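Step one of this worksheet: look at the structure below.
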Amino acid sequence: MPDPLNPADFWPMPPGPAQSPEPQRWVWAAMDPAERRTRMRELAGWVDWLRRAFELHNTITHCWYRHAAVVEHLTALYAGWMRTYAGDDEPGRELAEADWINTLHAFLPRLQLAACATGTHQEPPLVVPPPAGSTRDFELYLAVSDVTSASPAHLSAAELSRRETKLNAPFQPASPNSGCE
């Protein structure tokens, strides 16, 4: 069991002078069940450390793993934490740790589960199935909507065209009667 007070215990392999752990991408649906269980245990250990280290025990409820959206947010935070604390030192990343902490605080509203804050888990709301024909309606929209079928145009295209015309205009010397003396 990793030491909850030592974040280095959560690295997949101990950092050594010649090597550091390879930052990994986590896509839950792409993992086989055994890997998913292993990774979930790894994430759970890190979440336990996170709750203690940042005093988030009242923010991240004990049933966080039962809420897919919270799992995805915590996964992103963990992967970012791994890249920040176990990744290579890159120029321009002098404040990477502070940036990660700012990201954590930006994520906090997404990690709170008001329904489960009392310590009793509440199942997330059921997903409402799409109405019959919604896929057909979507495809029709893609085919005929101005949003998806209009010719490409940039909002500044007219201004760019005007400037190009002005830059490419033939040279016209000033006439002697132009008022400049």
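The values are calculated or read from the model by the stated rules, or taken from the named source; none is laboratory data. Bear in mind that the values here come from a model prediction, so they are computed numbers and not experimental data. We place every Cβ from the backbone using ideal geometry, glycine too, and count neighbours over all the protein chains shown.
Miscellaneous remarks
- Of the residues making up segment 7-31, those that are at pLDDT below 60 and surrounded by 10 or more Cβ atoms within 10 Å (Cβ to Cβ) number 14.
- The residue that is nearest to Y85 (Cα to Cα), among those in segment 107-121 that are hydrophobic (A, V, I, L, M, F, W, C) and surrounded by 10 or more Cβ atoms within 10 Å (Cβ to Cβ), is F107.
- Count of segment 53-73 residues which are over 22 Å from E97 (Cα atoms) and surrounded by fewer than 17 Cβ atoms within 10 Å (Cβ to Cβ): 7
- Hits in segment 25-68 (condition: under 19 Å from L111 (Cα atoms), assigned to a loop (DSSP other than H, G, I, E, B), touching a Lys or Arg at 6+ places or on another chain (Cβ under 8 Å) and among the hydrophobic types (A, V, I, L, M, F, W, C)): W26, I60
- Subset tally (residues that are modelled with pLDDT under 90 and among the basic types (K, R)) for segment 93-129: 1
- Looking across segment 32-52, just one residue is of a type in the set (A, V, I, L, M, F, W, C) and surrounded by fewer than 12 Cβ atoms within 10 Å (Cβ to Cβ), and that is A34.
- Among (1) assigned to a helix (DSSP H, G or I); (2) closer than 26 Å to E123 by Cβ, the one test that W81 misses: (2)
- Residue in segment 138-156 that is within 30 Å of V71 (Cβ to Cβ) and either out of contact with any His (no Cβ under 9 Å at 6 or more places or on another chain) or in a loop (DSSP other than H, G, I, E, B) (or both) present: yes
- Qualifying residue in segment 82-92 (condition: among the aliphatic types (A, V, I, L, M), in contact with a Gly (Cβ under 9 Å, 6 or more places away or on another chain) and either closer than 30 Å to W49 by Cα or modelled with pLDDT of 85 or more (or both)): no
- In segment 122-178, the residues that are within 30 Å of H62 (Cβ to Cβ) and surrounded by 10 or more Cβ atoms within 10 Å (Cβ to Cβ): Q122, E123, P124
- Where a residue in segment 26-44 is closer than 15 Å to H73 by Cβ and its partner, wherever it lies, is surrounded by 12 or more Cβ atoms within 10 Å (Cβ to Cβ) and among the charged types (D, E, K, R), with Cβ under 9 Å and at least six apart: W26/R39; W28/R36; W28/R39; W28/E72
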